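Each reported figure results from applying straightforward, stated rules to the coordinates on display, with no laboratory input. In this text, all values refer to a predicted model and were calculated from it rather than measured experimentally. Glycine also receives a Cβ, built like all others from the backbone with ideal geometry; neighbour counts cover every protein chain displayed.
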Amino acid sequence: MPDIKLFAGNATPELAKRIAERLYISLGNATVGRFSDGEIQVQINENVRGSDVFIIQSTCAPTNDNLMELIVMVDALRRASAGRITAVIPYFGYARQDRRVRSARVPITAKVVADFLSSVGVDRVLTCDLHAEQIQGFFDVPVDNVFGSPVLIEDILKKTDLNNPMVVSPDIGGVVRARAIAKLLNDADMAIIDKRRPKANVSQVMHIIGDVAGRDCILVDDMIDTGGTLVKAAEALKERGATKVVAYATHAVFSGTAAMNLANPALDEVVVTDTIPLSDEIKALNKVRALTLSSMLAEAIRRISNEESISAMFDA
C-alpha cells in the first residue's frame, strides 16, 4: 500500500478514529482549532511530502465551520507538498441546494462548494449517498460516491423482530432507492408515500400507494432532517394498519425539532449511520441507533490509494 496519511477535522472524530483503526494506521498529527478571534487555525505537524493524503470531514452542522476547516486543511496540506489530496466527506452539506427551481433567484450552492474544493487543491472526493448523484458533475475532479445501503441492509437482515416486512419509500423521489433495497431483501413488497411539500421542512402526507395493513414497514431514505416528513409518514402508515414502523437512513442531520419529532410513538425505531455524530438529546431518546460506515469507507480509501475499482465494492 502506498504511503497513506489520514487526517481529520473536528466534524466526525469518532468515525475518523474507526477508519484509521481499520486501515491499521494512526491519524495524522495536525492542529485543527481556533485563534482567539474565532478564525480557523490549522497546522500539519508531520511530514506529508509526496504522501497520499486523505482528509475525513463531514460538512454537517456547524456546516460553514466544518467546510472552512476542510478548505483550510486542504490548503495547508497542498502547501506542505502532499502528493495527492482526497477529501473524504461522508456527509456532503449543501447538497440539497443543487438546482434553481422554476428559475428562482437562488444560488446553486452545491456547485459553489464543489468549485471551492476543486480550486483550493483537492485532487479527488470520496463521499457517501449524495442527495443527488448528479452533483458529482459539479466537480472538476473525480468523485467516488459510495452507498450506505449495504450496511443498512445487513442490519435489517439481522433483525428478528420484523414480521411480514414491507419497504416504504417516503416520497416518489426515493422509489429507486427503496426498490433497490427491497430487491436485496429477498424481493420484499413495496409501498410509496405520495406527499406534497408546501415549503421547506414542511410536508403533508397525501396518499399511500400499497396495502400496509398488518405489515412491519421499513421506511428508507438518504437522510433525516427535522423528522417532520418521517413522523407524518409513520402516522399515516399506522393509521392504515401498519403494525410497526422502523426508519432507516444514511445521514442523521437531525436539525430543529428533530428530537421532539422522533419521540413520536408512531416511530418504533430509527436507524442511521455515523456520517454525522448524534447529539446527546437524540441519544437520550433510546430509539435511535447509529451503525458505523468505517469499514466501508476504509475499504474505499484503500482501493483509491491502490488504484483499484470502487464500483466493484457494490457489484451484486
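Structure data summary
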| quantity | calculated |
| --- | --- |
| Within-15-Å neighbourhood charge of LYS159 [Cβ basis; K, R +1; D, E -1] | -1 |
| Cα-Cα P(r), region 149-291, percent of pairs per 5 Å interval | 2, 10, 22, 25, 22, 14, 4, 0 |
| The chain, relative contact order [Cα under 8 Å, separation at least 6], % | 14 |
| Residues LEU23, LEU285, LEU15, sorted so that the one with the fewest Cβ neighbours within 10 Å comes first | LEU285, LEU23, LEU15 |
| Gain in span if fully extended, ASN306 to GLN134, counting 0.36 nm per residue against the direct Cα distance | 59.3 nm |
| Residue exposure sequence - ILE56, ILE276, ILE153 - by fewest surrounding Cβ within 10 Å | ILE153, ILE276, ILE56 |
| Over region 149-291, relative contact order from alpha-carbon pairs under 8 Å, at least 6 apart, % | 20 |
| Total formal charge among the other residues, if their Cβ is under 12 angstrom from that of LEU15, Lys/Arg +1 and Asp/Glu -1 | 0 |
| Separation of alpha-carbon centers, region 130-187 and region 230-244, rounded to whole Å | 20 |
| Förster radius 30 Å - calculated FRET efficiency between ILE172 and LEU291, Cβ distance, rounded to 0.05 | 0.70 |
| Range of Cα positions in the chain per principal axis (Å), largest first | 61, 43, 36 |
| FRET efficiency, GLU239 to SER36 (Cβ-Cβ, R0 45 Å, nearest 0.05) | 0.25 |
| Region 1-105, relative contact order in percent, only Cα pairs under 8 angstrom and at least six apart counted | 28 |
| Between region 14-66 and region 275-306, the Cα center-to-center distance that results, in Å | 17 |
| Most fluctuating residue given options VAL176, VAL288, VAL113, as computed from a GNM of the chain linking Cα atoms under 10 Å | VAL176 |
| Net charge over other residues, Cβ less than 14 angstrom from the Cβ of VAL125 (K, R count +1; D, E count -1) | -3 |
| Top positive-direction residue, dipole computed over the chain with Cβ charges, set ILE209, LEU157, ALA252 | ILE209 |
| Ranked list, fewest to most other Cβ atoms within 10 Å of each Cβ, for LEU6, LEU157 | LEU157, LEU6 |
